[in-house]
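For reference, the structure discussed in these notes is given below.
Each reported figure results from applying straightforward, stated rules to the coordinates on display, with no laboratory input. As the structure is a prediction and not an experimental result, all values here were calculated from the model. Here the Cβ positions follow ideal geometry from the backbone for every residue, glycine too, while neighbour counts run over all protein chains shown.
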Amino acid sequence: MTPEIYGNDAALRLIRTMAASGRLPHACLLWGEAGTGRKTIAHYLAMAALCTGPHPPCGTCPSCRKLLHGSHPDLTVVEHSGKKNGFSVETVRHVCKDAIVAPNDGACKVYLFADCDYMDVRAQNTLLKLTEEPPPHVRLLFTAAHPEAFLETMRSRMMSIPIRQCTREECRTALTTQHGYAPAEAARAAEACGGSIGRALAWLADEGMQTLTGHAAALTDAAADGTLYEMLRILAGYEKDRQSAAALLRLLDLQVRDALVMQYGQTDLAGCDRESAAHLSKTLTAGRAEQMHDAIREAQEALLASVSVRLVLSALGGRLCMISEKGRGYVSASGGRI
């Protein structure tokens, strides 16, 4: 049987239709937020490409069974290497050389490059020719948070399929039926993680993640109120942990996104706390949301560039306070303007 995939029915239908007609793309990018099932759907697409049954992916033929057990010789999950957990030029060159060799079992070979958000320019340029003119037996799959992770020359040579976050109800169902969590636990995790199954699993397994989502919610409230002291107090707890600081900023960015879409009556939320997002939504404009997103994105880039975490977070707190509706003056710890 094929993997149980929740949500993204449109993407799955597209893959099945292309597989049935023999028109699967030679290069495909599956993009969306982490935890939405990008890699699961990439494996589903690989199964469709390698399936020998009449209705790919069938889930029962020898090829599909090998894929389900992680033992198919014609699927290569390319290991991360080089700086920023990306893919080194050497790794990409090895793939290009290996791609020339004929498949072992099936009609094609599939190479999966997962989490390509930090694939550097040199590695992409090295991969460009293979992406543009691969051997007939080669399929290239990529996953990333955004298409902009790739150069335009790369994007123009691959099919792009957006992967959406499933609903909170779908997330709760997956956590209870597939992973055995109690309904109450599953409901808490689905709410805290905005319906992202991957993030919900991490949240349930890690108390640190639960603390992180709580701080993201509190930071959202502080941004709504323009309380600089509270923002800096929360951010100060992450000055010695660059990775956790980056995770906090990702959650905060999703909260800002939710606050904006709430104004348009949308219920497809991706953040970790509905109430604090609703609080921010009351004072947020489209312009301020864009400014907050830009400030958070710049802070994320600075963290990647090894700028002092303390300086990055302090500057971000000040910018968010200035951007908020009450940002014309800072709020002191006692609530007075300063």
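Around the amide H of Met159, modelled in the peptide plane, lie the amide H atoms of Ala27, Cys28, Leu29, all under 5 Å away and 5 or more residues distant in sequence or on another chain. Only Cα pairs under 8 Å and 6+ residues apart enter the sum, and on that basis the relative contact order of the range 9-162 stands at 32 percent.
Provide the net charge surrounding Leu130, with neighbours chosen by a C-beta distance below 14 Å and charges set as Lys +1, Arg +1, Asp -1, Glu -1.
Residues close to Leu130 contribute a combined charge of +3.
Where only DSSP H runs of four or more residues are counted, the chain gives -16500 deg cm²/dmol as its mean residue ellipticity at 222 nm, each run worth -39500 (n - 2.57). The longest part of the chain holding none of the exposed loop GluC sites (Glu not before Pro), meaning those outside H, G, I, E and B in DSSP with at most 16 other Cβ atoms within 10 Å, is 80-238.
Work out how much length Lys97 to Glu301 would gain on full extension: take 0.36 nm times their residue separation and subtract the Cα-Cα distance, in nm to one decimal. Write out the running numbers ahead of the final one.
Numbers: separation 204, 0.36 × 204 = 73.44 nm, distance 3.31 nm.
So the chain would gain 70.1 nm between Lys97 and Glu301.
Of all DSSP beta bridges confined to the chain, the antiparallel ones make up roughly 5%.
For the range 94-214, the share of alpha carbon pairs falling in successive 5 Å distance bins from zero is 2, 10, 16, 14, 11, 11, 11, 12, 9, 3, 0 percent. Compared with the dominant principal axis of the Cα atoms in the chain, helix 9-20 is inclined by about 20°. The mean of 1/r over all distinct Cα pairs in the chain, once inverted, gives the Kirkwood hydrodynamic radius of 21.6 Å.
Across the chain, Cα pairs under 8 Å and at least six residues apart give a relative contact order of 16 percent. Loop-located chymotrypsin sites (Phe, Trp or Tyr not before Pro) across the range 96-189 with a Cβ neighbour count of 16 or fewer within 10 Å are Tyr118, with loop assigned by DSSP.
I need the fraction of alpha carbon pairs in the range 142-271 separated by more than 22 Å, rounded to a whole percent.
Details: 4012 of 8385 pairs.
That tail contains 48 percent of the Cα-Cα pairs.
Which log10 I(q)/I(0) values does the range 9-162 give at q = 0.08, 0.11, 0.12, 0.18 Å⁻¹ under the Debye formula, counting every alpha carbon as one identical point scatterer? Log10 I(q)/I(0), no solvent term: -0.20, -0.38, -0.46, -1.09. Evaluated at q = 0.11, 0.14, 0.16 Å⁻¹, the base-10 log of the normalised Debye intensity for the range 206-323, with identical point scatterers placed on the Cα atoms, takes the values -0.31, -0.50, -0.66.
When the convex hull of its Cα atoms is viewed from all sides, the range 210-262 shows a mean projected area of 3.5 nm². Computed about the Cα centre, the dipole magnitude for the range 206-323 is approximately 260 debye when only Lys and Arg (+1) and Asp and Glu (-1) carry charge, each at its Cβ.
Scan the chain and report its longest stretch carrying no trypsin sites (Lys or Arg not before Pro) that are both in a DSSP loop and have at most 13 other Cβ atoms within 10 Å.
Numbers: sites that count: Arg23, Lys240, Lys282, Arg328.
Longest run free of exposed loop sites: 24-239.
Once backbone amide H atoms are built at 1.01 Å from N, Gly37 has Gly198 as its partners under 5 Å, excluding neighbours fewer than 5 places away on the same chain. Using a Gaussian network model of the chain in which every pair of alpha carbons under 10 angstrom is joined by a spring, one finds that among Ile197, Ile323, Ile100 the greatest mean-square fluctuation is at Ile100. Axis of helix 121-132 versus longest Cα principal axis of the chain: the two differ by about 40°, to the nearest ten degrees.
The slack between Val89 and Ser308, meaning 0.36 nm per residue of separation minus the straight C-alpha distance, is 76.0 nm. For the chain, the dipole from Cβ point charges (+1 on Lys and Arg, -1 on Asp and Glu) about the Cα centre works out to 420 debye, to the nearest 20.
Note on the chain: GNM, Cα springs under 10 Å; of His293, His179, His69, the largest mean-square fluctuation is that of His69.
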